[in-house]
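Engineer: The structure's right below; bear with me while I get my questions together.
The values are calculated or read from the model by the stated rules, or taken from the named source; none is laboratory data. As the structure is a prediction and not an experimental result, all values here were calculated from the model. So basically every Cβ, Gly included, is an ideal-geometry build from the backbone, and we count neighbours across all protein chains shown. SASA here: full protein model, heavy atoms, side chains in, ligands and nucleic acids out. Shrake-Rupley method; radii C 1.70, N 1.55, O 1.52, S 1.80 Å.
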Amino acid sequence: MRRLAAGLPLSLALLVPAAAHGAAVQTDRTCYLQTAKTNVTVSGNGFAPGAAYNVLLDGTALTGGTNTIDTGGAFQGAFEPPTLAEDELERQFMVTATSDATNVSTKFTVTRLKADFSPATGDPQKLKVRFSVAGFG
């Protein structure tokens with residue numbers, strides 16, 4: 001019985017996909033400025049070569065059809081991030097890559113460049129204003 005028990009952990013380790021231990025997903029930046037030209041590049045590595053994969057943004061699939069991990073265990077793609085709501089200055093998103101039993105995630109932020117001051121009226125000689133600026137990385 002001891003010999004069987006000693007071989008059991010090795011047998012179980014062989015059942016766990018190697019990619020599950022070293023898979024990673026990342027974006028090319030952690031923070032993006034919202035513009036009409038903004039694209040987020042997402043890449044993954046450490047996955048099982050030839051396996052099908054999906055990429056999700058906040059739980060919604062970004063990829064359609066059949067996507068396959070390359071022979072080096074990696075993938076790469078780009079997408080336009082969602083537009084921020086009018087009253088949002090920044091928002092954090094989660095990108096998840098799934099393949100077989102492997103599920104890895106990373107976060108990135110989109111910010112809006114906005115500057116303002118208040119009050120907008122008053123005597124320029126005595127006026128004290130407060131400036132607010134958002135969207136700097």
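Engineer: Which of the residues spanning region 90-116 are outside any loop (DSSP other than H, G, I, E, B), over 16 Å from residue 27 (Cα atoms) and either touching a residue at least 40 places away in the same chain (Cβ under 8 Å) or not basic (Lys, Arg) (or both)?
Structural biologist: 90, 99, 102, 115, 116
Engineer: Check 16, 104, 40 and return the single one that is over 24 Å from residue 133 (Cα atoms) and modelled with pLDDT of 95 or more.
Structural biologist: 104
Engineer: Additional query: Please list, ordered by residue number, the strands (runs of 3 or more DSSP E) wholly in region 21-89 having 2 or more residues that are free of Cβ contacts under 8 Å to residues at least 24 places away in the same chain and either more than 16 Å from residue 107 (Cα to Cα) or hydroxyl-bearing (Ser, Thr, Tyr) (or both).
Structural biologist: In region 21-89, no matching strands (runs of 3 or more DSSP E) lie anywhere.
Engineer: Answer yes or no: is there a residue in region 76-95 that is open to solvent by less than 50 Å² (accessible area, probe 1.4 Å) and farther than 25 Å from residue 34 by Cβ.
Structural biologist: Scanning region 76-95, I find no residue that is open to solvent by less than 50 Å² (accessible area, probe 1.4 Å) and farther than 25 Å from residue 34 by Cβ, so the answer is no.
Engineer: Please go through region 45-76 and pick out each residue that is of a type in the set (Gly, Ala, Ser) and in contact with a Ser or Thr (Cβ under 7 Å, 6 or more places away or on another chain).
Structural biologist: 48, 50, 51, 52, 74
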